[in-house]
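Structure first, commentary second.
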Amino acid sequence: MNAPRRPLVLVGPSGVGKTTIADRLVRMRPELFVLSVSATTRRPRAGERRGREYEFVSRPAFRRMIAGGLLAEWAEVHGEYYGTPAGNLEDLSEDGPVPVLDIDIQGARQIMERGTGAFVIFILPPGPAEWIDRLAGRGTESPRAIARRLATALEELGAAPSFEHFVVNTDLDRTVRLVLAAVAGRQERLGGASEVAALCRGLEAGARSEIRRLEGARKERT
Ligand code: 5GP
């Protein structure tokens with residue numbers, strides 16, 4: 001396969017598995033892809049290292065990066081700031097790897113508007129059940145927090161029709177194969193807009209009914 005020369009952006013609703021897909025792509029094909037390390041004001045989680053998952057910076061430092069034009073895009077996600085250092089998208093060598101950006105939808109829109117030539121793929125969950133399970137996490141969060149997260153993910157899903165390329169994350173190996181095919185211009189297409197719309201309708205219905213269930217459970221307890 002010829003090396004793709006365009007930065008690759010993975011977008012999609014929270015809980016769809018973008019980070020796992022990006023990690024696997026880079027691990028499998030390091031000659032083609034390198035992770036774009038973002039800056040963020042959120043705190044490192046256990047096991048995360050500065051410069052590997054993120055550049056963890058203070059809010060004033062993040063504001064200085066914005067003011068200095070050092071970010072190709074930035075957005076506030078869940079109350080924290082995230083941004084792609086402009087340098088990650090500059091000076092791509094002729095035959096080196098291209099950056100993979102695992103960013104939110106607001107950021108993807110900015111990258112598209114900047115004319116970076118990025119190839120943007122919207123990742124969809126295969127169905128509501130496992131998507132909702134992933135969003136619910138390990139049962140350590142309150143029903144209210146989970147319902148809020150689901151509502152945000154629903155909003156993110158609503159952006160799907162404004163994208164052009166889609167991959168359904170059924171299983172990781174297949175997803176990576178489809179992403180590689182898509183960047184090489186050989187996408188085995190989803191059935192088109194109507195198939196994407198039908199899948200999104202099912203996901204939305206599942207998420208809405210789970211939100212209702214969670215809110216009902218909360219009211220019963222209070
Ligand atoms: P997390 O804190 O769970 O790593 O990421 C939260 C969200 O922020 C995810 O949707 C992730 O894709 C998004 N995100 C991570 N880095 C960036 C970035 O540089 N720019 C934007 N716009 N979103 C990002």
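The values are calculated or read from the model by the stated rules, or taken from the named source; none is laboratory data. Model, not experiment: these values are computed from the prediction. Positions of Cβ are generated from backbone atoms using ideal geometry, with glycine treated the same way; all protein chains shown enter the neighbour counts. The protein model used for the area step is the full one, side chains on, heavy atoms only, and it has no ligands, DNA or RNA in it. Shrake-Rupley method; radii C 1.70, N 1.55, O 1.52, S 1.80 Å.
Some notes on this structure:
- Taking every DSSP beta bridge that has both ends in the chain, the antiparallel portion is near 30%.
- Measuring how big segment 1-65 is from its alpha-carbon positions, Rg and Dmax come out at 14.0, 44 Å.
- Mean shadow area of segment 42-161, taken as a quarter of the surface of its Cα convex hull (nm²): 9.6 nm²
- 11 Å beta-carbon shell around PHE33, net charge (K/R +1, D/E -1): +1
- Of the GluC sites (Glu not before Pro) found in segment 94-203, those in coil by DSSP whose Cβ has at most 16 other Cβ atoms within 10 Å are GLU94, GLU141, GLU164, GLU188.
- For GLU130, the shell of other residues with beta-carbons less than 14 Å away shows a net charge of -2, using +1 for Lys and Arg and -1 for Asp and Glu.
- Whole-Hz ³J(HN,Hα) from phi, Karplus 6.51 cos²θ - 1.76 cosθ + 1.60, for segment 13-26, glycine and proline x: x, 3, x, 8, x, 4, 5, 4, 5, 4, 4, 5, 4, 5
- Sparse-neighbour loop sites [trypsin sites (Lys or Arg not before Pro); segment 86-137; at most 11 other C-beta within 10 Å; DSSP]: none
- About the centre of its Cα atoms, segment 134-222 shows a dipole size close to 420 debye [charges on the beta carbon of Lys, Arg (+1) and Asp, Glu (-1) only; nearest 20 debye].
- Mean separation of Cα contacts under 8 Å, 6 or more apart, over the residue count of the chain: relative contact order %: 27 percent
- Cα-based Kirkwood hydrodynamic radius, the chain, one decimal, Å: 18.4 Å
- Sites listed here are GluC sites (Glu not before Pro) in segment 1-77 whose DSSP assignment is loop and whose Cβ has at most 14 other Cβ atoms within 10 Å: GLU31, GLU48.
- log₁₀ of I(q)/I(0) at q = 0.23, 0.24 Å⁻¹ - segment 99-199, Debye sum with one point per alpha carbon: -1.38, -1.43
- Counting only protein heavy atoms and using a 1.4 Å probe, the accessible area of ARG6 comes to about 120 Å².
- Expressed to the nearest 5 percent, the antiparallel share of DSSP beta bridges inside segment 1-102 is 45 percent.
- Structure-based [θ]222 nm, the chain - -39500 (n - 2.57) summed over DSSP H runs of at least 4, per residue, nearest 500: -13500 deg cm²/dmol
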